[in-house]
2 protein chains.
Amino acid sequence: MECSVYRLAERRRSVRRFHSGQVSLEDVLYAVRTALQAPSGANRQPWRFVIIYDQRVKARLRMVCEQWERRFHEGRGLPEWFRRWMEEREIGWEKPFLTEAPYILAVAADKKAPYSRESTWLAIGYLLLALEEKGLASLTYTPTNPRAAARILGIPDSYSLEALIPIGRPADNKGKEPRMRLEDAVFYNMWGAKND
Amino acid sequence: MECSVYRLAERRRSVRRFHSGQVSLEDVLYAVRTALQAPSGANRQPWRFVIIYDQRVKARLRMVCEQWERRFHEGRGLPEWFRRWMEEREIGWEKPFLTEAPYILAVAADKKAPYSRESTWLAIGYLLLALEEKGLASLTYTPTNPRAAARILGIPDSYSLEALIPIGRPADNKGKEPRMRLEDAVFYNMWGAKND
C-alpha cells in the first residue's frame with residue numbers, strides 16, 4: 001500500500017487497453033466512496049455515478065461513442081497538432097476499452113448546481129487516486145457527443161455526462177506521458193515571477 | 001502519515017479561517033508537484049500556479065474579490081436556497097481568508113487547451129489530498145469576478161483564473177459538511193437502477 005499521495009499520483013498513468021478479467025466491485029466502490037468526500041459548490045454534491053458491468057450496455061455505449069468519434073476523427077475541424085498527437089499514440093476513433101474494461105464508470109453532474117462541472121472533476125481527481133491505490137487502471141474518456149452516450153444510460157437532460165471511466169487491469173505497456181517541471185508551472189506573487 | 005486515500009478524503013474539510021503562522025513552502029510545493037502528475041486533455045497540462053505570500057498582493061486580491069462579492073451578496077440574482085445556505089454558515093461577502101492564510105494558491109487554466117477546465121479541476125482534486133496529507137487546510141474559493149482577480153496577478157487573458165486556494169492551519173472548529181450515502185449516488189448499468 002502506498003503511503004504518499006505524490007507517489008500514487010506519479011505512478012498513475014492513463015491506460016487505453018484493459019484485461020477483461022474480473023475486478024472487485026468493492027474496489028470500485030471504495031473509489032466512489034472516496035470521490036463522495038470531495039468538496040463541492042455549496043456542498044450540493046452534484047455528481048452521480050453509473051457503474052456499468054452489463055456487457056450489452058457497454059456494447060451499446062461503445063457503438064454510439066465510436067460513431068461520433070469517427071465523425072470527429074474524419075472531420076476537418078480537427079486541429080493539426082491534435083491529429084498528430086493522436087496518431088503518435090495510435091489513438092483512433094475506435095474505443096475498445098469501452099467493452100474490454102470490466103467496469104465503465106459513467107460520471108454525471110447536476111447542471112443546476114453551482115460550479116457543477118468544477119466540483120465533479122475535482123471529485124474525479126479523488127477517484128483516480130483511490131483507484132490507483134487499489135491497483136486499478138483508468139482513463140478519463142470524454143465522449144465526443146456526451147448527450148448521445150448519456151441517452152444510452154437513461155441519464156436525464158438535467159444532468160451532463162462528464163466522463164466515461166473504464167476501470168480494470170492494464171493490458172498495454174505504454175509508459176506515462178512526460179510531465180512538466182515544477183519551475184515551469186509555478187510563479188510567485190505575480191504571473192511570470194520566480195521566487196527570490 | 002495516512003495510508004489510505006479514502007481516509008485523507010474523509011478527513012479533509014473546507015476551512016474559511018486560518019492562523020497566520022508560517023507554513024512550510026516545501027509542503028505547498030509538494031502539493032503542486034502532486035497536481036502536476038494529473039492527467040489532462042491531450043496531456044496539455046493547462047494549469048499554472050501562482051503562489052502568493054506577499055501580504056500586499058493578498059490585500060489587493062482581497063479588496064477586489066470583496067468588492068464583487070458584496071455586489072453579488074446584495075444583488076437580487078441570488079437564489080433563496082443559496083442565500084439561506086450561506087447565512088446558516090455565516091458566509092458573507094467578506095473573505096478574511098484571503099489575507100489570513102499564509103499562502104494563497106491561484107490556479108489558472110490555458111483556455112485553448114482541450115478540456116482545460118475539467119483537467120485543471122481534476123488536478124485540484126490531487127492537490128487538496130496532498131495538502132491534507134501534509135496537515136494543511138484549504139478552501140477552493142472561486143471569485144465572483146475571476147477576471148478582475150486575475151488582473152491583480154497579471155494573469156494573461158488567454159488563461160482563466162479557476163480558483164484561489166488559501167492554504168494554512170485551520171482557525172475555526174467547524175465540522176465537515178455531511179456527505180450523501182453511497183447508495184444515493186450510485187446506479188448500476190442504467191440511471192435509477194440498483195444492484196441486484
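A few points about this structure:
- Residues satisfying the stated conditions in the stretch B:175-185, i.e. in contact with a helix residue (DSSP H, G or I) (Cβ under 9 Å, 6 or more places away or on another chain), in contact (Cβ under 8 Å) with a residue 40 or more places away in the chain and more than 7 Å from every other protein chain (Cβ to nearest Cβ): B:K176
- Looking across the stretch A:22-35, the residues that are assigned to a helix (DSSP H, G or I) and closer than 12 Å to A:I167 by Cβ come down to A:L25, A:D27, A:V28, A:L29, A:Y30, A:A31, A:V32.
- Any chance A:A101 is more than 10 Å from chain B (Cβ to nearest Cβ), surrounded by 24 or more Cβ atoms within 10 Å (Cβ to Cβ) and within 20 Å of B:Y188 (Cα to Cα): yes
- Considering B:G135, B:G168, B:G125, the condition of being within 27 Å of B:R89 (Cα to Cα), at pLDDT 95 or above and touching a Gly at 6+ places or on another chain (Cβ under 6 Å) is satisfied by B:G125 alone.
- Which listed residue, of A:S14, A:S24, A:S4, is within 16 Å of the chain's Cα centre (by Cα), small (G, A, S) and closer than 17 Å to A:L131 by Cα: A:S14
- The set of residues in the stretch B:13-50 being of a type in the set (V, I, T) and closer than 30 Å to A:L36 by Cβ consists of B:V15, B:V23, B:V28, B:V32, B:T34.
- Applying the criterion of being assigned to a loop (DSSP other than H, G, I, E, B) and hydroxyl-bearing (S, T, Y) to the residues of the stretch B:123-159, the residue that is nearest to the chain's Cα centre (by Cα) is B:T140.
- Residues that are assigned to a loop (DSSP other than H, G, I, E, B), hydrophobic (A, V, I, L, M, F, W, C) and modelled with pLDDT of 95 or more are absent from the stretch B:77-86 altogether.
- Of the residues making up the stretch A:36-64, those that are assigned to a helix (DSSP H, G or I) and either more than 8 Å from chain B (Cβ to nearest Cβ) or of a type in the set (V, I, T) (or both) are A:Q55, A:R56, A:V57, A:K58, A:A59, A:R60, A:L61, A:R62, A:M63, A:V64.
- Looking across the stretch B:156-175, just one residue is surrounded by fewer than 16 Cβ atoms within 10 Å (Cβ to Cβ) and in contact with an Asp or Glu (Cβ under 8 Å, 6 or more places away or on another chain), and that is B:S158.
- Some residue of the stretch B:16-27 being within 11 Å of another protein chain (Cβ to nearest Cβ) and at pLDDT 95 or above: yes
- Only one of A:R33, A:R12 that is buried (at least 19 other Cβ atoms within 10 Å of the Cβ), within 8 Å of another protein chain (Cβ to nearest Cβ) and within 26 Å of A:I152 (Cβ to Cβ): A:R33
- There is at least one residue in the stretch B:97-107 that is among the acidic types (D, E) and in contact (Cβ under 8 Å) with a residue 24 or more places away in the chain.
- Top-ranked residue in the stretch A:160-174 [being outside any strand (DSSP E or B) and closer than 19 Å to A:P102 by Cα; ranked as nearest to the other protein chains (Cβ to nearest Cβ)]: A:D172
- Residues of the stretch A:42-64 classified as in contact (Cβ under 8 Å) with a residue 60 or more places away in the chain, in contact with a Leu (Cβ under 6 Å, 6 or more places away or on another chain) and farther than 30 Å from B:T142 by Cβ, total: 1
- A:T120 vs. criteria under 13 Å from the mean Cα position of the chain (by Cα) and without any contact (Cβ under 8 Å) to a residue 24 or more places away in the chain: no
- Residue, farthest from A:A171 (Cα to Cα), within the stretch A:85-96, restricted to residues that are surrounded by 11 or more Cβ atoms within 10 Å (Cβ to Cβ) and within 14 Å of chain B (Cβ to nearest Cβ): A:W85
- Here B:Y188 passes the criteria (1) within 7 Å of chain A (Cβ to nearest Cβ); (2) of a type in the set (S, T, Y); (3) under 17 Å from the mean Cα position of the chain (by Cα) except the one numbered (3).
- Some residue of the stretch B:66-74 being of a type in the set (A, V, I, L, M, F, W, C), in contact (Cβ under 8 Å) with a residue 60 or more places away in the chain and not in a loop (DSSP other than H, G, I, E, B): yes
The values are calculated or read from the model by the stated rules, or taken from the named source; none is laboratory data. Quick caveat: nothing in here was measured; it's all calculated off a predicted structure. Here the Cβ is made from the backbone with ideal geometry for all residues, glycine too, and neighbour counts use every protein chain on show.
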